[in-house]
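Inspection log for the structure reproduced underneath, given as structure tokens.
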């Protein structure tokens with residue numbers, strides 16, 4: 001019965017995506033734009049220094065992995081936002097569906113979105129810039145897992161804020177990602193950031209995950225120290241995000257904030 005409810009949530013999200021073409025923008029359009037933009041930047045600056053292929057690979061590997069965080073976070077957060085936009089939260093609260101089952105269903109749908117988004121950005125990178133992300137090998141798998149956890153954790157924080165302050169917080173679905181993009185050192189080492197910002201960057205698990213990815217692109221072995229720091233940071237962030245969402249959900253129920261969404 002529980003598995004059926006999880007699948008029902010995922011099917012509903014699929015139906016929403018099929019009926020709302022604009023929702024494909026995050027899944028199709030952004031991956032294409034990002035691959036072309038950063039691939040072209042890498043080629044241009046690489047030609048200035050005679051290392052076009054290396055520069056393009058550096059940027060493209062970063063943007064492909066960044067889309068793990070992006071698609072995971074957007075998929076889960078917008079899945080919940082669909083319930084607020086359609087004023088369906090009250091209906092969910094009076095069904096036997098539990099929060100865990102609902103989250104699992106949306107996450108299941110989010111994995112499908114993630115697969116589509118990563119396929120698109122990888123295919124564009126290969127077709128236009130001859131960059132094959134699979135050449136980095138199975139060492140990418142732990143980095144993908146870490147970034148997936150980070151994306152889901154950020155989404156839980158966004159959902160908690162929406163429950164607490166209302167739909168005005170929905171902009172943070174894309175706002176938090178906009179902060180992670182420059183602070184995580186996706187395309188450059190942390191030392192390139194202003195000194196005052198570097199401690200913040202070092203505290204992010206994404207920073208260490210991308211530092212490990214940079215080493216792979218440069219032909220080095222996977223730096224397990226960086227991977228360990230990223231994994232620990234991702235676990236801490238996941239625990240904090242679950243705690244925060246639980247607190248915000250309790251406040252949501254106690255204070256009757258459901259009236260904001262009906």
With 0.36 nm assigned to each residue of separation and the Cα-Cα distance removed, residue 220 to residue 197 gains 5.6 nm
In a Gaussian network model of the chain with springs linking alpha carbons closer than 10 Å, the residue among 61, 20, 77 that fluctuates most is 20
Over the chain, the sum of -39500 (n - 2.57) across DSSP H runs of at least four, divided by residue number and rounded to 500 deg cm²/dmol, gives at 222 nm -25500 deg cm²/dmol
The stretch 55-99 and the stretch 17-32 have their Cα centres apart by a whole-number Å value of 12 Å
Exposure proxy check on 248, 111: fewest-to-most Cβ neighbours within 10 Å is 111, 248
Most exposed to least, judged by fewest other Cβ atoms within 10 Å, 237, 163 sort to 237, 163
Restricting to Cα pairs under 8 Å and 6 or more apart, the percent relative contact order of the stretch 2-261 works out to 24 percent
Listed residues 122, 55, 86; largest mean-square fluctuation, Gaussian network over the chain with Cα springs below 10 Å, found at 86
Read-out Rg and Dmax of the Cα atoms in Å, candidates (i) 19.3, 63; (ii) 18.2, 58; (iii) 17.7, 55; calculated match is (i)
Taking the alpha-carbon centre of each part, the distance from the stretch 179-201 to the stretch 103-131 in Å is 25 Å
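Report the per residue volume, in Å³, of the convex hull enclosing the C-alpha atoms of the stretch 1-90.
Working: hull volume 9.2 nm³, N = 90.
Looking at the stretch 1-90, the number lands at 102 Å³ per residue.
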In units of 2.2 N^0.38 Å, the Cα radius of gyration of the stretch 88-176 is 1.41
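No value in this document is a laboratory result; all are computed from the given coordinates. Treat the numbers as computed from the prediction; the structure is a model and nothing was measured. Methodologically, a virtual Cβ is constructed for each residue, glycine included, from the backbone with ideal geometry; neighbour enumeration extends over all protein chains shown.
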